[in-house]
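Participant: So that we are looking at the same thing, I have put the structure below in structure tokens.
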Amino acid sequence: LNANETEWIGDDLTKTKKQINIVGASLKAGQAKALGHLLEKTGTASEGTAVVLPDENLLMPVLHSIPEDVSSLNVTMGFPFRNSVLYNLVIALKNLQKNKKVDGDKTKFYHKNCIQILSHPYIKLFNAGKCFKIINEINRRNIISIDLVRILQFTEEGEKIFELIFRDASDSNNTIKYLFDIMSEISSLIEEKTPYNQRFEKEFFFVLYDSLSHLKNLILKYQTDIGTDTLWNLIIEILSHTRIPFTGEPLKGLQVMGLLETRSIDFENVYILSMNEGTVPRGNSKGSFIPYNLRKAFKMPTYEDDDASFAYYFYRLIQRAKNVTLIYNTETIGVQPGEKSRYILQLQNELAKQNKNITIKEFIFQPGIGTFPEKHIKVNKTPEIVDLLAGREFSPSAISQYITCSLKFYLNRIARLRMDISVEEVLSGAAFGSLLHEIMKQLYIVKKNKIMTKKDLDEIKKALEKNFDTMWKNACKEIEDLKEFADGLSGKNLLFKNVIKKLVKLILENDVHEVPFNILEIEGALTGEIETEANGNKYKIKLRGILDRVEEKNGVTKIIDYKTGLFKMKGQESKTIEEYFNEVFSDPKYKESFQQYFYAMLFHDTFPSAKLNIGIYPLRSIGKGIEFYEDSNCIPPEKLAAFRKKLKEKFSEIFDINIPFQKTDKTENCKFCDFIPICYREQGR
């Protein structure tokens, strides 16, 4: 044997038989699912098989995608703690403590931090039902800050984990103990999980315990006084640079490892993920202040050396493997293109020509995602639904909703579906209007059934200036969802409060020009009935409305509605009465007109001798004053009769058992609908 010849040099790549599969999959999750599918289909999830992950971020998706019947699994690569679910919980706990408010012996926590923690997988393990119940109560009651006592009130019996989490941890000793207590409670619950989940999950907790204990010992050793914020930052900094060294049996079962861990090891079946240019090899990604030319001139390592190392590890790994599967990402993400690695191209265009025993097949993995074409949804009426409707009170908004879309009416008013609500930290348009209405009620309710004079309005103005803060608090407390806005306003909410005060003053200043007038009702309820026929039966339908303001002047009763949103008068103009009400009962743009004529009809039924007019107080253009629908100063009787006739016809349609609830054909009505995902309009638009 020649001393210059090495005995172990082989030519397995160019002579041995190999099956090489090249699989394209979408994103990291797609690659992991493709791997799980192939392992299950081929039955190769056993000894002699290696799953190689050049991108360590794929470890957790891969572990969750491996078939459940795998009897033995060994992970020999490190995993960044910052990519774990436990790290996310530590971050959430930090934010919870950072944003808390301490008021005496009460500690209140910001709702977003509470919801984030209650939605965390580890916390939901204790009692998912209770977690969701607390989240729903926070959203429904619009609670911006909440304490432990209130959290426990929302559940029949508390959970110990809630008491451990939602408490004050104000100094460094308490902070570390706070984390120890929570992690101890969670890790004891993890014991009940399946064996493999147990092992990997417990590795996370062990690393966290070890890091916290080491930090605690250092603080005690040097008697260092560390602020809470500094301590939290230290904990996060330590954990973000910590790696989890998974331990296992390297001689048994399916092997999951990084590319560097495969050195000098042969496998019969090899699966390599992230086979994209820029990952395998990494390319020109060396972070250095020394330019490439200088590194080259002084024979320092460059990215070319790294590429050569990658090439060696890759070809060394597949040289004796019989089955090789290369999975790459087909999607472009940011600056990373969905481009195959150069090694795949080399196998296809060079190695396959040299070794005729190599079979290369190429696939695209497509998960089974179905399409959802637009469907024409109909909900047939049943006698039970008709009976249910017959027992309901109908408001103008309910009928306007039916005019907009009968399916929306069904989903909202009959099926009682509600879309997910969230906490409003800033007053919404609806809340803004509700508060203005309530404050106007407080100002005018004391003057009800009294002829208003300039002196009376001056008194009201003075009361507004003197007692506005009290009025604001009372208004917020009257409205269930807005109680949180009674005190401690800042930012936009404080601005909105001042805007409401300004608008109220402008209303009062406009009203000065209208004196004398008599306030008959302010935010008062009005009820009535109407008869209609459907299905061969007669129905007495209950009607109800809330009148913002009713006043009398010169023998004419005026029904006025405050409008804080956008408003454009939709009067009769040149249309006939029939043409006008055809529009009112078919086009949602006429909803204000429908509402006011609805109120006029109810009021006329209660006070048949009253001369009526209806108008809108548009607060966005308050300088125009009240815009009335009738130029003749009162509604003609034939107009009210025509409205009543059309309303009976509409109720006959609503109660007709042969007319189903179905989505509107006018897609412009769907623009702001909450039920688009349910009725498939979103896919069909």
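Participant: Would you tell me the accessible area of residue 133, worked out with a 1.4 angstrom probe on the heavy atoms of the protein chains, in Å² to the nearest 10?
Facilitator: Using a 1.4 Å probe on the heavy atoms, I get roughly 90 Å².
Participant: Once amide H atoms are placed 1.01 Å from N in the peptide plane, what residues at a sequence separation of 5 or more from residue 23, or on another chain, have their amide H within under 5 Å of its amide H?
Facilitator: It is 326, 327, 328, 363, by chain and number.
Participant: Just the accessible area for residue 246, please: 1.4 Å probe, Å², rounded to the nearest 10?
Facilitator: Rounded to the nearest 10, the figure is 20 Å².
Participant: If you don't mind, there's one more thing I want to ask. Anything over 25 Å Cα to Cα? Flag those among 130/473; 448/558; 558/645; 454/502, in the order listed. Before the final figure, lay out the partial values.
Facilitator: Values: 130/473 32 Å; 448/558 15 Å; 558/645 23 Å; 454/502 19 Å.
Check vs 25 Å cut-off fails for 130/473.
Participant: Heavy atoms of the protein only, probe of 1.4 Å, neighbouring chains included. What is the accessible area of residue 340 in Å², nearest 10?
Facilitator: Roughly 50 Å² of residue 340 is accessible to a 1.4 Å probe.
Participant: Also, I was wondering about something else. Along the range 518-531, what does the Karplus equation 6.51 cos²θ - 1.76 cosθ + 1.60 (θ = phi - 60°) give for ³J(HN,Hα), rounded to whole Hz, x for Gly and Pro?
Facilitator: Listing the rounded values in order: 10, 7, 8, 7, 9, 6, x, 8, 9, 10, x, 9, 9, 9 Hz.
Participant: May I pose another question? Out of residues 5 or more away from residue 535 or on other chains, whose amide H comes under 5 Å of its own, with H placed 1.01 Å from N in the peptide plane?
Facilitator: Hits under the 5 Å cutoff: 657.
Participant: Name the residue from 566, 585, 554 whose Cα lies farthest towards the positive end of the charge dipole of the range 451-593, charges +1 on Cβ of Lys and Arg and -1 on Cβ of Asp and Glu.
Facilitator: Value computed over the given set: 566.
Participant: Enter the Cα centre distance for the pair the range 64-103 and the range 598-641, rounded to the nearest angstrom.
Facilitator: Answer, in whole Å: 63.
Participant: Turning to a different aspect of this structure: Of 119, 172, which has the most accessible area with a 1.4 Å probe, and how do the rest follow in descending order?
Facilitator: 119, 172
Participant: Grab the Cα-Cα distance for residue 228 and residue 607, subtract it from 0.36 nm times how many residues apart they are, and report the gain in nm with one decimal.
Facilitator: Details: separation 379, 0.36 × 379 = 136.44 nm, distance 6.89 nm.
Extra length available between residue 228 and residue 607 comes to 129.5 nm.
Participant: Okay, next question. So, in Å, what gap is there between the alpha-carbon centers of the range 514-529 and the range 393-440?
Facilitator: First find each Cα centre; the distance between them is then 23 Å.
Participant: Also, I was wondering about something else. Classify the range 416-543 as rounded, prolate or oblate, taking a ≥ b ≥ c as the square roots of the eigenvalues of its Cα gyration tensor: rounded when a/c is under 1.5, otherwise prolate if a/b is larger than b/c and oblate if not.
Facilitator: Details: a/c = 2.95, a/b = 1.24, b/c = 2.38.
Taking the square roots of the gyration eigenvalues as a ≥ b ≥ c, the range 416-543 is oblate.
Participant: With +1 on each Lys and Arg Cβ and -1 on each Asp and Glu Cβ, and nothing else charged, work out how big the dipole of the chain is about its Cα centre, in Debye to the nearest 20.
Facilitator: Values: 96 positive and 91 negative charges, 215 e Å.
So the magnitude is around 1040 debye.
Participant: Can you compute the FRET efficiency between residue 350 and residue 71 using 1/(1 + (r/R0)^6), with r the Cβ-Cβ distance and R0 = 30 Å? Round to the nearest 0.05.
Facilitator: Approximately 0.15, to the nearest 0.05.
Participant: So how tilted is helix 195-222 from the main axis of the chain? Cα-based, degrees 0 to 90, rounded to 10.
Facilitator: Once rounded, one gets 90 degrees.
Participant: So how tilted is helix 121-140 from the main axis of the chain? Cα-based, degrees 0 to 90, rounded to 10.
Facilitator: The angle comes out near 20 degrees.
Participant: So if each residue of separation counts as 0.36 nm, and I subtract the Cα-Cα distance between residue 211 and residue 535, what length gain in nm does that give?
Facilitator: Details: separation 324, 0.36 × 324 = 116.64 nm, distance 7.46 nm.
So the extension gain works out to 109.2 nm.
Participant: So for the pair residue 16, residue 489, with labels modelled 7 Å out along Cα→Cβ, what separation do we get in nm?
Facilitator: In this crude spin-label approximation the distance works out to 7.7 nm.
Participant: Would you mind classifying the chain by shape? Square roots of the alpha carbon gyration tensor eigenvalues, ordered a ≥ b ≥ c; an a/c under 1.5 is rounded, otherwise it is prolate if a/b is larger than b/c and oblate if not.
Facilitator: Values: a/c = 2.92, a/b = 1.99, b/c = 1.46.
Prolate, because a/c is 1.5 or more and a/b exceeds b/c.
Participant: Right, next: Per residue of the chain, what 222 nm ellipticity follows from adding -39500 (n - 2.57) for every DSSP H run with n ≥ 4, rounded to the nearest 500?
Facilitator: Details: 25 runs with 303 residues, N = 685.
-14000 deg cm²/dmol, from helical runs alone.
Participant: Determine the percent antiparallel among the DSSP beta bridges restricted to the chain, to the nearest 5.
Facilitator: Expressed as a percentage, antiparallel bridges in the chain total about 50.
Participant: Roughly what would the spin-label model give for residue 293 and residue 220, points 7 Å off Cα along C-beta, in nm?
Facilitator: 5.9
Participant: Further question: Heavy atoms only, probe 1.4 angstrom, no DNA, RNA or ligands counted: give me 499, 584, 446, 512 ranked by accessible area, highest first.
Facilitator: Details: 499 55, 584 0, 446 110, 512 30 Å².
The ranking, largest first, comes out as 446, 499, 512, 584.
Participant: Using θ = phi - 60° and the Karplus relation 6.51 cos²θ - 1.76 cosθ + 1.60, list the HN-Hα couplings for the range 252-260 in order, rounded to whole Hz, with x at every Gly or Pro.
Facilitator: For the range 252-260, the Karplus curve yields 9, x, 5, 9, 10, 8, x, 5, 5 Hz.
Participant: Given R₀ = 51 Å, FRET efficiency for residue 657-residue 477 by Cβ-Cβ distance, to 0.05?
Facilitator: Numbers: r = 44 Å, r/R0 = 0.87.
Efficiency, from the Cβ-Cβ distance: 0.70.
Participant: Go through the range 486-497 residue by residue and turn each phi into a ³J(HN,Hα) via Karplus (6.51, -1.76, 1.60, θ = phi - 60°); whole Hz please, and just put x for glycine and proline.
Facilitator: Working through the residues one at a time gives 5, 10, x, 6, 7, x, 4, 5, 5, 5, 4, 4 Hz.
Participant: May I pose another question? PRE reach from residue 382 (point 7 Å along Cα→Cβ): which of the range 415-440 fall under 17 Å by backbone N?
Facilitator: Within reach of a label on residue 382, which here means backbone N under 17 Å from a point 7 Å along Cα→Cβ, the range 415-440 contributes 415-417.
Participant: Pull out a ≥ b ≥ c, the square roots of the eigenvalues of the alpha-carbon gyration tensor of the range 252-329, then state rounded if a/c is under 1.5, prolate if not and a/b is larger than b/c, and oblate in the remaining case.
Facilitator: Prolate, because a/c is 1.5 or more and a/b exceeds b/c.
Participant: Also, I was wondering about something else. Just want the answer: with Cβ charges of +1 for Lys and Arg and -1 for Asp and Glu, which residue in 401, 612, 292 is farthest toward the dipole's positive end in the chain?
Facilitator: Checking the options against the dipole of the chain, the answer is 612.
Participant: Top to bottom by accessible area (1.4 Å), largest first, where do 65, 341, 397 land?
Facilitator: Values: 65 20, 341 0, 397 65 Å².
Greatest to least solvent exposure: 397, 65, 341.
Participant: Moving on. To test your reading of the geometry: what angle, between 0 and 90 degrees and rounded to tens, separates the Cα axis of helix 303-318 from the longest principal axis of the chain?
Facilitator: Roughly 80 degrees, rounded to the nearest 10.
Participant: Taking the dipole about the Cα centre of the chain, with the C-beta of Lys and Arg at +1 and of Asp and Glu at -1, give me whichever of 341, 517, 328 is farthest to the positive side.
Facilitator: Towards the positive end, the residue furthest out is 517.
The values are calculated or read from the model by the stated rules, or taken from the named source; none is laboratory data. Just so it is clear, the model here is predicted, and its values are computed rather than measured. In this analysis, Cβ positions are derived from the backbone assuming ideal geometry, glycine residues included, and neighbour counts consider all displayed protein chains. Please note that ligands, DNA and RNA were not included when accessible areas were found on the heavy atoms of the full protein model with its side chains. Shrake-Rupley method; radii C 1.70, N 1.55, O 1.52, S 1.80 Å.
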